[in-house]
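The values are calculated or read from the model by the stated rules, or taken from the named source; none is laboratory data. Everything quoted here is computed from the prediction, not taken from an experiment. Cβ: placed from backbone, ideal geometry, glycine included. Neighbour counts: every protein chain shown.
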Amino acid sequence: MMLRTRYDVVLLLGAPGAGKGTQARVLATALDVPHVASGDLLREHRSRGTALGQAARAYMDRGDLVPDDLVVGIILDRLRQGDAHRGALLDGFPRTLAQAAVLDERLGEHNGAVRSAVYVEVSLRVLVERLSGRWLCRACHASYHEVFNPSAAGDRCAACGGDLYQRPDDKRNVVENRIHVYLRDTRPVIDHYGALGVLQRVDGDRGIEAVRADILAAAARPPLLYQPTLSTAAVVRG
Ligand code: ADP
Ligand code: ADP
Ligand code: ZN
């Protein structure tokens with residue numbers, strides 16, 4: 001039996017280091033949908049040594065985007081899993097207009113749409129200091145900062161006790177390329193969702209708690225052109 005349900009997706013957009021990963025867990029919990037981060041999925045492929053992970057490696061190490069067809073395949077597979085039947089919080093995807101076109105088309109086939117695109121705006125000069133002090137949990141992908149957000153468990157993850165590590169692509173020379181690629185390829189994606197009327201801007205240049213409060217409010221607010229339906233209104237209001 002085929003059950004067609006309305007399917008809604010919320011996007012977390014912003015430059016590398018804007019704070020997407022830091023905020024994603026709480027937002028995904030509030031929306032009651034899984035947190036789907038393309039970078040985490042790619043790094044998992046690499047650590048499992050899959051063909052896809054091997055194909056992605058050189059691009060990631062240089063700070064370039066992995067080719068669209070590889071990333072789109074991973075995300076669409078993930079969205080087909082059972083826990084995503086009501087939707088998902090996408091973090092780090094789409095990053096090109098081509099990825100956005102595939103996503104919009106796929107959601108449309110399921111009578112869904114990007115309900116809200118939350119854009120965490122951070123000035124470019126703070127990105128490098130955020131990324132150079134970033135530490136990540138190998139097990140649950142929680143994101144810490146040695147100065148701005150240290151783990152309460154010292155050199156282990158406060159959430160799960162896992163091992164913390166620094167990403168090789170958070171080195172300054174790679175970060176500069178990632179920011180360049182973001183401005184060239186991903187800024188147009190933000191404009192695209194702006195034109196669709198679903199963009200919600202949040203000032204990400206403040207403390208983690210202040211940003212979090214605004215992100216939760218933005219994701220709950222109906223976008224300008226958004227027409228609520230019974231099922232999506234239920235998702236927003238919980
Ligand atoms: P950040 O959290 O710093 O924004 P990510 O973890 O999202 O970085 O991504 C790390 C790397 O993985 C990117 O530099 C890129 O090589 C690759 N990547 C992640 N998401 C995508 C995507 N949607 N399209 C292409 N490449 C991606
Ligand atoms: P993204 O997923 O957008 O690449 P992260 O969530 O991993 O970014 O955050 C990048 C770094 O900045 C991490 O070290 C994180 O602890 C830190 N950080 C995140 N949000 C803030 C904030 N509002 N103020 C200061 N540091 C932050
Ligand atoms: Zn952890």
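List pairs: first residue in segment 75-94 and surrounded by fewer than 23 Cβ atoms within 10 Å (Cβ to Cβ), second residue at pLDDT below 95 and acidic (D, E) anywhere in the structure, Cβ distance under 8 angstrom, at least six positions apart or on different chains. Taking only residues 6 or more apart or on different chains, the pairs are R86/D8; R86/D32. Restricting V128, V66, V71 to residues that are under 29 Å from Q166 (Cβ atoms) and within 13 Å of ligand 2 (Cβ to nearest atom) narrows the list to V128.
Being in a loop (DSSP other than H, G, I, E, B) and within 30 Å of R172 (Cβ to Cβ) is the filter here, so list the residues in segment 63-82 that pass it.
Looking only at segment 63-82, we keep the residues that are in a loop (DSSP other than H, G, I, E, B), and these are 63-67, 80-81.
Of everything in segment 63-82, those that are in a loop (DSSP other than H, G, I, E, B) and within 30 Å of R172 (Cβ to Cβ) turn out to be G63, D64, L65, V66, P67.
Name the single residue, out of those in segment 133-149 being in a loop (DSSP other than H, G, I, E, B) and of a type in the set (G, A, S), that is surrounded by the fewest Cβ atoms within 10 Å (Cβ to Cβ).
Of the residues in segment 133-149, the ones in a loop (DSSP other than H, G, I, E, B) are 133, 138-142, 146-148.
Right, trim to of a type in the set (G, A, S) and you get 133, 139, 142.
Working: G133: 17, A139: 14, A142: 20.
Among those residues, the one meeting the criterion is A139.
Which is modelled with pLDDT of 95 or more and either within 21 Å of G197 (Cα to Cα) or outside any loop (DSSP other than H, G, I, E, B) (or both), of A15, A30?
Numbers: A30 fails: modelled with pLDDT of 95 or more.
Step by step, each of A15, A30 is checked, and only A15 is modelled with pLDDT of 95 or more and either within 21 Å of G197 (Cα to Cα) or outside any loop (DSSP other than H, G, I, E, B) (or both).
Entry remark, segment 150-176: residues being surrounded by 14 or more Cβ atoms within 10 Å (Cβ to Cβ) and polar (S, T, N, Q) number 2 in total.
Does segment 108-122 include one or more residues that are within 13 Å of ligand 1 (Cβ to nearest atom) and either touching a residue at least 60 places away in the same chain (Cβ under 8 Å) or within 24 Å of L90 (Cα to Cα) (or both)?
From segment 108-122, those within 13 Å of ligand 1 (Cβ to nearest atom) are 120, 122; that's our starting set.
Okay, now just the ones that are also either touching a residue at least 60 places away in the same chain (Cβ under 8 Å) or within 24 Å of L90 (Cα to Cα) (or both), so 120, 122.
There is at least one residue in segment 108-122 that is within 13 Å of ligand 1 (Cβ to nearest atom) and either touching a residue at least 60 places away in the same chain (Cβ under 8 Å) or within 24 Å of L90 (Cα to Cα) (or both).
For segment 154-163, does any single residue satisfy the condition of being touching a helix residue (DSSP H, G or I) at 6+ places or on another chain (Cβ under 6 Å) and modelled with pLDDT of 95 or more? Looking through segment 154-163, none of the residues is touching a helix residue (DSSP H, G or I) at 6+ places or on another chain (Cβ under 6 Å) and modelled with pLDDT of 95 or more.
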